[in-house]
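What follows is a single structure, written as structure tokens, with notes after it.
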Amino acid sequence: MSKTKIDEINRNVYDIKNADNYDFKMEKGLNKQIVEEISKQKNEPEWMKKIRLNALETYNNLELPTWGPDLSDLNMDDLATYVRPKSKLNENWEDVPEEIRQTFDRLGIPEAEKKSLSGVGAQYDSEVVYHSIKEDLLKQGVIYTDMETAVRDYPEIVKEHFMKCVPVTDHKFVALHAAVWSGGSFVYVPKNVKVDIPLQSYFRLNSPESGQFEHTLIIVDEGASLHFIEGCSAPKYNKVNLHAGCVELYVKDNAYLRYSTIENWSKNMMNLNTKKAIVGKNAQMDWVTGSFGSRVSMLYPLSILNGEGAKTEYTGITFAGKDQNLDTGFKVIHNAEHTSSVINSKSISKDGGACTYRALVRVNKNAKKSKCSVSCESLMLDDISRSDTIPVNDIRTNDVEFSHEAKIGKISDKEIFYLMSRGLSEEDSRAMIVRGFAYPISKELPVEYAVEMNNLINLELERKHRINFND
Amino acid sequence: MNNLLNIDNLYVKVGEKEILKGLSLQINKGETHVIMGPNGAGKSTLANAILNNPEYKKTDGNVEFEGENINNLSTDKIARKGVFMSFQLPQEIPGISVLNFLKFAKGKIENKPVKIFEFRDTVNKYAEELNINPKMLERNLNVGFSGGEKKKNEILQMLVLNPKLAILDETDSGLDVDAVKTVSKGIGMYKNNDNAVLVITHNMRILESLNVDYVHILVDGKIAKTGGPELIKEIEKEGFKKYKTTEP
């Protein structure tokens, strides 16, 4: 039987790069002048500038992590931290400059907006170029805008929440983020307002040798609910690009937030992202994550279950191919009674790619009667790929239900033979099994994204033609 | 041409162990064959070797289908020529429903797109005949199916894919009386003068309602005796003892 041939994948639309036409590109490097210049370019209030400068100091005092993937290729002296596109913030796609608009057209954003979203944000390099929200949400008091506007128009809310869920001192790249952050989305959903149709922000990094540091701040007030979708991609360059975003989520009592991500960075990207949620009484925070791209990822979303009866569910899939080291996982802190967490993680590695599931479950002494169940499964498509599971379970009370299940496997010859005996080629059989493995995750994604994920898996497995088993 | 399968002096190894040792067998259109034999005689090996499962290595002899040597043809191509195997232990494949899987496989076997409405009607009709709950068609292929559901699903696949030769590897094992009847009924629905069935079993029950043409006794990797349905009665009474040359 011949082995499945897997070439370097063709990422088609994701890889189309535009000329590096910017309105302003900060000189490379990182120092006090540069941080002050970003603040000045943004015409920021003094308090935000102070946060930036303090964060820079913290950054300089913190060491790189001593664990996880090798970050030695990352040199801040080679990166521009702020690239302002040749576009202001627009409310109509027609007003977005053509070249930028075409990029988002190809990514299907305006089309998705018409069909299945109630608001859209689109960021190009360091600034948001388009933002929209449906009229009826506005009437109900929902705020959905870019972070810069939020700093200007809602300073009190921003001051109260910005870098409070994720402290600047957390790690070096959070400090970096706080010093040079730009763009991102701000969402506020008032008490008891249910946003039935998702909001989506898409982050596109076009400029080579630069970083993207968007900040997402979402507050879902008591009894309210929201589904927020985040997408990201970049074309491939030869030199390192950096993504160090920060996502802060506040899910107040009895509220619900679902945060879905499809991350499809190019393979020159260092993706060092930080995401946290604070979850109130009887509230629920669900994470759905698909990580496909980047050369190195270090990403471990955290739910802090602070209120009694708070719940969180994490559903994530990671797909590492050639030259990729994706170090991902989920962290949860049970910090009140009757809290519960369900963690479902899957990873696929091939062509020498490495997936690491690195996770933390902490159940504090006060979190009696809590429940936690963890399941992580890995699939390796060949003998040269790696898959590691590094769970840390820190359980500080006996009064807890905890289960952990880990499976590492390969596609079995028996499965392949069974499918081939029904007339499927070996390639079709493998793709069917891989998609089946990913299915529990893809079914959690919004339809367009499930299709995109399946296409990505097909792209990864087979370059020449796409297979649609379900059409 | 009337001949479908022609196996000539076949030797097959699994790992280092020789299982089939010079087996010959001919199956023509319209015929129902039964292979019986003690555990470990090589019955399942024969089925796997016909479909060219890479774990089973042919060291000598030939397998021909419709006059063409298929010794080294890949399993999917053998399937597309019209050979089907019902598995003892069907694999569980998450992420695809029985109906979508059947549609995909049918498209591959016939090498043309399947008309979905017509196809769904056909599948529903067969499912009803086999007492298969229509909800099962929407479930993931074999995932969480009971033993009986898996076997019925294999028979459903046989009916839908409509092969020229169906090999049923212990499809009756572990089934209750009613399920065995359903499987027999399925075989009856499938069988006609242009196709053939090879039933591998060590259980007599399934044979009661089939019109068996030939019975082969497989012992120690070879056909020890071939006869008509009367052999079934003999084995039922006396077992395989008199055919054994060596102790297993």
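Which aspartates and glutamates have a Cα lying under 12 Å from the Cα of residue A:311, excluding residues fewer than 8 positions away in the same chain?
Correct list for residue A:311: A:253, A:286, A:337.
Just report the Cα centroid separation between the stretch A:83-126 and the stretch B:98-145, whole Å.
Between the Cα centre of the stretch A:83-126 and that of the stretch B:98-145, the gap is 43 Å.
Going by accessible area, probe 1.4 Å, with all protein chains left in place, what is the ranking of A:118, B:44, B:209, largest first?
Numbers: A:118 10, B:44 30, B:209 80 Å².
From most accessible down to least: B:209, B:44, A:118.
Filter A:443/B:81; A:115/A:236; A:414/B:21 down to the pairs with a C-alpha to C-alpha distance above 26 Å, please.
Listed pairs above 26 Å: A:443/B:81; A:115/A:236.
Between the stretch A:294-311 and the stretch B:190-215, how far is it from one alpha carbon centroid to the other, in angstrom?
59
Provide the per residue accessible area, probe 1.4 Å, for the stretch B:3-243, rounded to a whole number of square angstrom. If you can, show how the numbers build up before the last one.
On the way: 10490 Å² over 241 residues.
In whole numbers, the stretch B:3-243 has 44 Å² accessible per residue.
What angle, in degrees between 0 and 90 and rounded to the nearest 10, separates the Cα long axis of helix B:177-190 from the longest principal axis of the Cα atoms of chain B?
Roughly 80 degrees, rounded to the nearest 10.
I'd like the accessible area for residue A:279, computed on protein heavy atoms only with a 1.4 Å probe and all protein chains in place. Round to 10 Å², please.
Near enough 0 Å² of accessible area.
Too long at a 22 Å Cα-Cα cut-off: which of A:275/A:331; A:346/B:152; A:191/A:371?
Values: A:275/A:331 10 Å; A:346/B:152 32 Å; A:191/A:371 28 Å.
In this structure, A:346/B:152; A:191/A:371 exceed 22 Å between Cα atoms.
Just counting partner chain Cβ atoms within 10 Å, what average do the residues of peptide A:184-195 show around their Cβ? Can you show the working numbers first?
On the way: counts 0, 0, 0, 0, 0, 0, 0, 0, 0, 0, 0, 0.
For peptide A:184-195, the averaged partner shielding equals 0.
Where a Cα-Cα gap under 16 Å defines reach, which aspartates and glutamates qualify for residue B:233, not counting those fewer than 8 residues away within the same chain?
Straight-distance partners of residue B:233: B:208, B:213.
Just tell me how shielded A:405-417 is by partners: mean number of partner chain Cβ atoms within 10 Å of each residue's Cβ, no decimals.
On the way: counts 0, 0, 0, 0, 0, 0, 0, 1, 3, 5, 3, 5, 12.
Neighbouring Cβ atoms belonging to other protein chains average 2 per residue here.
Can you compute 3J(HN,Hα) from phi for each residue in the stretch A:156-171, using the Karplus curve 6.51 cos²θ - 1.76 cosθ + 1.60 with θ = phi - 60°, rounded to whole Hz and x for Gly and Pro?
5, 5, 5, 4, 5, 10, 5, 6, 9, 6, 10, x, 4, 7, 3, 7
With a 1.4 Å probe and all protein chains in place, put A:99, A:94 in order of accessible area, largest first.
Values: A:99 65, A:94 140 Å².
Highest to lowest solvent-accessible surface, that is A:94, A:99.
Based on Cβ point charges of +1 for Lys and Arg and -1 for Asp and Glu, what charge dipole magnitude is obtained for the stretch B:1-88 about its Cα centre, in debye rounded to the nearest 20?
With only Lys, Arg, Asp and Glu charged at Cβ, the dipole is about 160 debye.
Under unit Cβ charges (Lys, Arg +1; Asp, Glu -1), what dipole magnitude, rounded to 20 debye, does the stretch B:3-243 have relative to its Cα centre? Intermediate results must be reported in sequence, preceding the final value.
Details: 33 positive and 32 negative charges, 72 e Å.
In total the dipole reaches around 340 debye.
Taking Rh as the Kirkwood radius, which is the inverse of the mean 1/r over Cα pairs, what is the Rg/Rh value for the stretch A:12-461?
Details: Rg = 21.3 Å, Rh = 22.3 Å.
Ratio value, two decimals: 0.95.
Run the 1.4 Å probe and let me know the accessible area of residue A:372, rounded to the nearest 10 Å².
Per-residue accessible area (residue A:372): approximately 10 Å².
What percentage of the solvent-accessible surface of chain B, computed with a 1.4 Å probe over protein heavy atoms, is contributed by carbon and sulfur atoms? Mind dumping the intermediate values first?
Numbers: 5100 of 11290 Å².
C and S atoms contribute 45 percent here.
Leaving out ligands and nucleic acids, and using a 1.4 Å probe, what accessible area per residue does chain A come to in Å²? Display every interim value, and only then the final one.
Numbers: 18260 Å² over 471 residues.
Roughly 39 Å² per residue, with all protein chains present.
Report the relative contact order of chain A, percent, no decimals, based on alpha-carbon pairs under 8 angstrom and at least 6 residues apart. Before the final figure, lay out each step's value.
Details: 1181 pairs, mean separation 49.0, N = 471.
Relative CO of chain A lands at 10 percent.
Where does helix B:98-110 land angle-wise versus the long Cα axis of chain B, in degrees 0 to 90, nearest 10?
The helix B:98-110 is inclined about 70 degrees to chain B.
Please compute how much accessible surface disappears when A pairs with B, both sides summed, using a 1.4 Å probe, and round it to the nearest 100 Å².
Numbers: alone 19490 and 12410 Å², together 29540 Å².
For chain A against chain B, roughly 2400 Å² becomes buried.
Relative contact order for the stretch A:282-352 using alpha-carbon pairs under 8 Å, separation at least 6, rounded to a whole percent?
Working: 165 pairs, mean separation 27.1, N = 71.
Worked out over the stretch A:282-352, it gives 38 percent.
Would you mind telling me the share, in percent, of accessible area of chain A contributed by carbon and sulfur at probe 1.4 angstrom? Display every interim value, and only then the final one.
Values: 8300 of 18260 Å².
Within chain A, the accessible surface is 45 percent carbon and sulfur.
Per residue of B:47-56, what is the mean number of Cβ atoms on other protein chains within 10 angstrom of that residue's Cβ?
Working: counts 1, 2, 0, 0, 3, 4, 8, 5, 3, 1.
Partner Cβ neighbours, averaged per residue: 3.
Does the stretch B:75-189 classify as rounded, prolate or oblate by the C-alpha gyration tensor (a ≥ b ≥ c root eigenvalues; a/c under 1.5 gives rounded; else a/b over b/c gives prolate, otherwise oblate)?
Working: a/c = 1.45, a/b = 1.24, b/c = 1.17.
Rounded is the answer for the stretch B:75-189, as its axis ratio a/c remains below 1.5.
The values are calculated or read from the model by the stated rules, or taken from the named source; none is laboratory data. This structure is a prediction, so every number in the text was calculated from the model and none was measured. Cβ sites come from the backbone with ideal geometry, for glycine too, and all protein chains shown count toward neighbours. Only protein heavy atoms, including side chains, enter the accessible area calculation; ligands, DNA and RNA are left aside. Shrake-Rupley method; radii C 1.70, N 1.55, O 1.52, S 1.80 Å.
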